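Take a look at the structure set out below.
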Amino acid sequence: MRKIAVLTSGGDAPGMNAAVRAVVRTGIYHGLEVFGIPRGYQGLLNGTLTPMSLGSVADIIQRGGTILYTARCEEFKSEQGQQRGLEVLRENGIEGLVVIGGDGSFRGAERLAKLGMPTIGVPATIDNDIACCDLTIGFDTAVQTAIEAIDKIRDTATSHDRTFVVEVMGRHAGDIALHVGLAGGAESILIPEVPFNLETVIHKLERGVARGKKHSIIVVAEGAGRGMEIGKYLQEHTGLDVRVTVLGHIQRGGPPTARDRVLASQLGAFAVELLLAGEGGKMAGRQDGRLCAVDFETVFHTPRKPDGYLFDLADKLSI
Ligand code: ATP
């Protein structure tokens, strides 16, 4: 193997740059030529491949976003698009590809692998919604960003005796809400994977008020319901002064935490080593603290569950 390429795809996540750096530097360390493909699969279809040098990834390990940019590309979901992507890679002499992104990006990577291009996926998405790996790149930073916001909201909630509903990201997975809710001492945590009843939330709020509690925080994952609607409902049914904060895209930005940088460096380097070992069609992940290569098929078919222990613990501690 002499030439490999790397792209970032789907939603951006802090730590993607550290992963790109690790891919480029590990590749060059092993004597490979490494090419960057800007703007994910769209860039691939456009045929824009850029040679990456050691210096091209200098000073990026601490930066959020992705220097390769990212995009969503409908065309690549079609067989024709995938075939065209394969042709572009072959025309440029690329013999292996690293795709840094989430579940959707892995589906594209799997298609390329099935067409004969050795492709390895590196899990990077703030939602932590990929099976068979402990953590995805970006999750730790997103949780850190959200918890800093919640600590600030708590200050104002306490000063004004207010109840706050804080909506965090997580369309299908409530991991951000669960971790932020537990770490932020939230009274209730609403996540898409666990059915909930707003009457229970109200009951808990009223029980708190009865024992002299004057402020509360409810964390809701966007996939569990809209913060605005939940806030309105709670205000109407309790008479409490309820305010809503939607954290939004702030959770995607910012310098990655040390933990995300370490994970991204490990997984980026491991992805290249897998390609060199002749592997393809796999995710480079870390499970129970150890690096592991898992077939995309297995990743797609393994159900992902939120951490039930943490969920119960958060509930117990917010009694
Ligand atoms: P995030 O979890 O942050 O949203 P993601 O990688 O899951 O990231 P998606 O928008 O689902 O983001 O997918 C990114 C891109 O991957 C899509 O725009 C498309 O180009 C490609 N992709 C998604 N699903 C498929 C599929 N079934 N087959 C081929 N390519 C796909």
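For the range 246-262, in order, what is each residue's ³J(HN,Hα) by Karplus, 6.51 cos²θ - 1.76 cosθ + 1.60 with θ = phi - 60°, in whole Hz (x at glycine and Pro)?
Computed from phi, the couplings for the range 246-262 are 9, 5, x, 5, 4, 5, 8, x, x, x, x, 5, 4, 4, 5, 5, 5 Hz.
Could you give me the ³J(HN,Hα) list for the range 162-177, computed from phi with Karplus coefficients 6.51, -1.76, 1.60 and θ = phi - 60°, whole Hz, x at Gly and Pro?
Computed from phi, the couplings for the range 162-177 are 10, 9, 10, 9, 10, 8, 10, 6, x, 6, 10, 10, x, 4, 4, 4 Hz.
Using a cut-off of 23 Å between alpha-carbon atoms, which lysines can reach Lys214, once sequence neighbours fewer than 8 places away in the same chain are excluded?
Leaving aside lysines fewer than 8 places away in the same chain, those within reach of Lys214 are Lys152, Lys204, Lys232, Lys316.
Could you tell me how many degrees, from 0 to 90 and to the nearest 10, lie between the Cα long axis of helix 16-29 and the main elongation axis, the longest principal axis, of the Cα atoms of the chain?
So the inclination is approximately 30 degrees.
Select from Phe106, Phe196, Phe296 the residue whose mean-square fluctuation is largest in a Gaussian network model of the chain (Cα-Cα springs shorter than 10 Å).
Phe196
Can you find, among Ile176, Val242, Gln144, the residue farthest towards the positive end of the dipole of the range 141-253? Put +1 on the C-beta of Lys and Arg, -1 on that of Asp and Glu.
So the residue we want is Val242.
Run the reach check for Lys282 against aspartates and glutamates, Cα to Cα strictly under 15 Å, same-chain hits fewer than 8 apart removed. What comes back?
Straight-line reach from Lys282, under 15 Å: Asp103, Glu110, Glu273, Asp295, Glu297.
For every other residue with a beta carbon closer than 13 angstrom to the beta carbon of Met1, add +1 if it is Lys or Arg and -1 if Asp or Glu, then tell me the sum. List each step's numbers first, then the result.
Working: positive: Arg2, Lys3; negative: Glu33, Glu95, Glu273, Glu279.
Within the 13 Å Cβ shell, the charges total -2.
Once you keep just the Cα pairs under 8 angstrom separated by 6 or more residues, what percentage relative contact order results for the chain? Please report the intermediate quantities before stating the final value.
Working: 719 pairs, mean separation 74.0, N = 319.
Over the chain, the number comes to 23 percent.
So what's the net charge close to Lys316: Lys and Arg +1, Asp and Glu -1, counting the other residues with Cβ under 15 Å from its Cβ?
Neighbour charge sum, excluding Lys316 itself: -2.
Within 12 Å, Cβ to Cβ, of Val143, how many net charges do the neighbouring residues add up to if Lys/Arg are +1 and Asp/Glu are -1?
Values: positive: Arg259; negative: Asp127, Asp140, Glu148, Asp175, Asp260.
Result for the neighbourhood of Val143: -4.
Would you calculate a helix-derived [θ] at 222 nm for the chain, using -39,500 (n - 2.57) for each DSSP H run of n ≥ 4 and dividing by the full residue count, to the nearest 500? Intermediate values should be presented prior to the final figure.
Details: 11 runs with 137 residues, N = 319.
Calculated from helices alone, the mean residue ellipticity at 222 nm is -13500 deg cm²/dmol.
So which trypsin sites (Lys or Arg not before Pro) in the range 149-234 are both in a DSSP loop and have at most 10 other Cβ atoms within 10 Å of their Cβ?
Details: sites: Lys152, Arg154, Arg162, Arg171, Lys204, Arg207, Arg211, Lys213, Lys214, Arg226, Lys232; in loops: Arg162, Arg171, Arg211, Lys213, Lys214, Arg226.
Answer in residue order: Arg211.
With a ≥ b ≥ c the root eigenvalues of the C-alpha gyration tensor of the chain, is it rounded (a/c under 1.5), prolate (a/b larger than b/c) or oblate?
On the way: a/c = 2.53, a/b = 2.34, b/c = 1.08.
Cα axes put the chain in the prolate bin.
Given H placed on each backbone N at 1.01 Å, which residues far from Val246 in sequence or on other chains put an amide H within less than 5 Å of it?
Glu167
Sequence-distant or interchain residues sharing an amide H contact under 5 Å with Ala124, placed H: which?
Gly101, Gly102, Ile137
What fraction of the DSSP beta bridges in the chain is antiparallel, stated in percent and rounded to the nearest 5?
That works out to approximately 20 percent antiparallel.
Since every read-out is calculated from the coordinates, none of them should be taken as a lab result. Everything quoted here is computed from the prediction, not taken from an experiment. Cβ coordinates were reconstructed from backbone atoms using ideal geometry, including for glycine residues, and neighbour counts include every protein chain displayed.
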